[in-house]
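Asks: Could you have a look at this structure, given as structure tokens, before my questions?
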Amino acid sequence: MSDQFTVQDPTTQFQKATPEFQQQQPEPGLEKKMQPKPDDGSQTYRGTGRLTGRKAVVTGADSGIGRAVAIAYAREGADVVLSYLPEEEADAQEVVKIIEEAGRKAVALPGDLKDEQYCEQLINTAVEQLGGIDILANIAGKQQFVENIADLTTEQFDATFKTNVYAMFWLCKAAIKHMKPGSTIINTSSIQAYSPSPILLDYATTKASINTFSKSLAQQVGEKGIRVNVVAPGPVWTPLQVSGGQPEDALKEFGNSTPLTRPGQPVEMAPAYVFLASPESSYVSGETLNANGGMPSP
Ligand code: NAD
Ligand code: MG
């Protein structure tokens, strides 16, 4: 069976978008209801002990990129606290099962990241139930397209910033108090930080903020032996995109215009988060790893 180390043609390794990609669900969307199903790596990702004994908090761990990362972290030997919204329980329970099958501990704690107390509770749960925290992967995000600034409500602008920027701030603040040297934080930006779409005004702005926040924090906590890095995905096939992230008719060609001619799959994002969490990246901090199908990025 092929795994992430098997050489393949990256243009044909996963399918191009087709008219069957056109579909819609209410926000936040369930991976269970997507067809074709995003590839979470559960059939292919092979761990090699790169995160043995580590204690991770992963947000957005029920679906999409966060799900693939939670599975990869567990197969690399980490125990994981999973954050997601209560309405995503069905997706999350599948991830819990896969982590337990890998012989690792999974602690599921649903809640709303727009609430600072929930963010603190997530970190405290890792400290109490895993015995600490040495990896924080901030992957949750909100993306709702709006064509015209006149229709972009203050409520949406606020919710996008609370989910994407404030929650990252609250989680980093709470986690750093407990982090020992060697700990790592990985935040999630986007190609949207540098090539913003006109219909993603609020979202793209949060992603640029995440890059700048991470570069600042990396310098602040470097002397504590804590590294802070960013993964910036391009178009990846996840519930975010089919629950208001894109206009429905754009999905049939989603990602096909990238240099690698197809959308990315969540499993292809996981190795970037593993590398930045593991001691292999010991001299990398304040960096952004772009995994976007080859689109030029600064
Ligand atoms: P996804 O829908 O699978 O994951 C997003 C998750 O965010 C949800 O599963 C949900 O659990 C969580 N979330 C949202 N609001 C929340 C809240 N208020 N409280 C708690 N959890 C909340 O989609 P995804 O594409 O895997 O998104 C993961 C990250 O990747 C996001 O930060 C997104 O911006 C980023 N990203 C995605 C793409 C893409 O094309 N899919 C591209 C660039 C960046
Ligand atoms: Mg989800």
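The values are calculated or read from the model by the stated rules, or taken from the named source; none is laboratory data. Just so it is clear, the model here is predicted, and its values are computed rather than measured. Virtual Cβ from ideal backbone geometry, glycine too; neighbours counted across all protein chains shown.
Asks: Quick one: count up the residues across the range 163-216 that are more than 16 Å from the chain's Cα centre (by Cα) and over 25 Å from Ala277 (Cβ atoms).
Replies: Adding up the residues that qualify gives 9.
Table: residues versus (1) modelled with pLDDT of 95 or more; (2) away from ligand 2 (no atom under 16 Å from the Cβ); (3) among the hydroxyl-bearing types (Ser, Thr, Tyr).
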residue	(1), (2), (3)
Thr188	yes, no, yes
Leu201	yes, yes, no
Ser216	yes, yes, yes
Gly225	yes, yes, no
Val228	yes, yes, no
Thr238	yes, no, yes
Gln241	yes, no, no
Gly245	yes, no, no
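Asks: Scan the range 218-247 for residues that are in a helix (DSSP H, G or I), surrounded by fewer than 24 Cβ atoms within 10 Å (Cβ to Cβ), out of contact with any Phe, Trp or Tyr (no Cβ under 9 Å at 6 or more places or on another chain) and not basic (Lys, Arg) and jot them down.
Replies: Ala218, Gln219, Gln220, Val221, Gly222, Glu223, Leu240, Ser243
Asks: Is it fair to say Arg104 is assigned to a loop (DSSP other than H, G, I, E, B) and either within 13 Å of ligand 1 (Cβ to nearest atom) or closer than 16 Å to Pro266 by Cα (or both)?
Replies: Working: assigned to a loop (DSSP other than H, G, I, E, B): yes; either within 13 Å of ligand 1 (Cβ to nearest atom) or closer than 16 Å to Pro266 by Cα (or both): no.
Criteria not met by Arg104.
Asks: Run Lys97 past the list (1) touching a helix residue (DSSP H, G or I) at 6+ places or on another chain (Cβ under 9 Å); (2) more than 18 Å from Ala175 (Cα to Cα) and report the number of the one that doesn't hold.
Replies: (1)
Asks: Quick one: count up the residues across the range 109-168 that are outside any helix (DSSP H, G or I) and not charged (D, E, K, R).
Replies: Of all residues in the range 109-168, those outside any helix (DSSP H, G or I) come to 109-115, 131-148, 152-153.
In the following step, the residues that additionally are not charged (D, E, K, R) were identified as 109-111, 113, 131-133, 135-141, 143-146, 148, 152-153.
The total comes to 21.
Asks: When residues of the range 62-97 are filtered for being in a loop (DSSP other than H, G, I, E, B) and either near ligand 2 (Cβ under 10 Å from one of its atoms) or under 17 Å from Gln43 (Cβ atoms) (or both), how many remain? Show your work before the answer.
Replies: At the first step, the residues of the range 62-97 found to be in a loop (DSSP other than H, G, I, E, B) are 62-63, 76-78, 84-85.
Retained after the next criterion (residues that are either near ligand 2 (Cβ under 10 Å from one of its atoms) or under 17 Å from Gln43 (Cβ atoms) (or both)): 62-63, 76, 84-85.
Residues in the range 62-97 being in a loop (DSSP other than H, G, I, E, B) and either near ligand 2 (Cβ under 10 Å from one of its atoms) or under 17 Å from Gln43 (Cβ atoms) (or both): 5 in total.
Asks: Same structure again: Give the residues of the range 189-208 that are among the hydroxyl-bearing types (Ser, Thr, Tyr), touching a helix residue (DSSP H, G or I) at 6+ places or on another chain (Cβ under 7 Å) and under 17 Å from Gln144 (Cβ atoms), sorted by residue number. Lay out the reasoning, then the answer.
Replies: Step one: filter the range 189-208 for residues among the hydroxyl-bearing types (Ser, Thr, Tyr), giving 189-190, 194-195, 197, 203, 205-206.
With the extra rule that they be touching a helix residue (DSSP H, G or I) at 6+ places or on another chain (Cβ under 7 Å), the set shrinks to 189-190, 197, 203, 206.
Matches in the range 189-208: Ser190, Ser197, Tyr203, Thr206.
Asks: Residues to consider are Gln25, Gln43, Gln35; find the one that is within 11 Å of ligand 2 (Cβ to nearest atom) and more than 18 Å from the chain's Cα centre (by Cα). Break it down stepwise before answering.
Replies: Details: Gln43 fails: within 11 Å of ligand 2 (Cβ to nearest atom); Gln35 fails: within 11 Å of ligand 2 (Cβ to nearest atom).
Answer to the check: Gln25.
Asks: Further question on the same structure: Looking only at residues that are touching a Phe, Trp or Tyr at 6+ places or on another chain (Cβ under 7 Å) and assigned to a loop (DSSP other than H, G, I, E, B) in the range 50-61, which one is nearest to ligand 2 (Cβ to nearest atom)?
Replies: Restricting attention to the range 50-61, the residues satisfying the condition of being touching a Phe, Trp or Tyr at 6+ places or on another chain (Cβ under 7 Å) are 51, 56, 58, 60-61.
Then drop every residue that is not assigned to a loop (DSSP other than H, G, I, E, B), which leaves 51, 60-61.
Working: Leu51: 23, Gly60: 6, Ala61: 9 Å.
Top of the filtered list is Gly60.
Asks: Of all residues in the range 190-207, count the ones that are in contact with a strand residue (DSSP E or B) (Cβ under 9 Å, 6 or more places away or on another chain) and in contact (Cβ under 8 Å) with a residue 24 or more places away in the chain.
Replies: Here is the first cut: in the range 190-207, the ones in contact with a strand residue (DSSP E or B) (Cβ under 9 Å, 6 or more places away or on another chain) are 190-194, 207.
Filter again for in contact (Cβ under 8 Å) with a residue 24 or more places away in the chain, leaving 190-191, 193-194, 207.
Of the residues in that region, 5 qualify.
Asks: Got a number for residues in the range 59-88 being within 14 Å of ligand 1 (Cβ to nearest atom), surrounded by fewer than 24 Cβ atoms within 10 Å (Cβ to Cβ) and not charged (D, E, K, R)?
Replies: 2
Asks: Based on what the data block shows, is Ala291 free of Cβ contacts under 8 Å to residues at least 60 places away in the same chain, among the small types (Gly, Ala, Ser) and within 14 Å of ligand 1 (Cβ to nearest atom)?
Replies: Details: free of Cβ contacts under 8 Å to residues at least 60 places away in the same chain: no; among the small types (Gly, Ala, Ser): yes; within 14 Å of ligand 1 (Cβ to nearest atom): yes.
For Ala291, the condition - free of Cβ contacts under 8 Å to residues at least 60 places away in the same chain, among the small types (Gly, Ala, Ser) and within 14 Å of ligand 1 (Cβ to nearest atom) - is not met.
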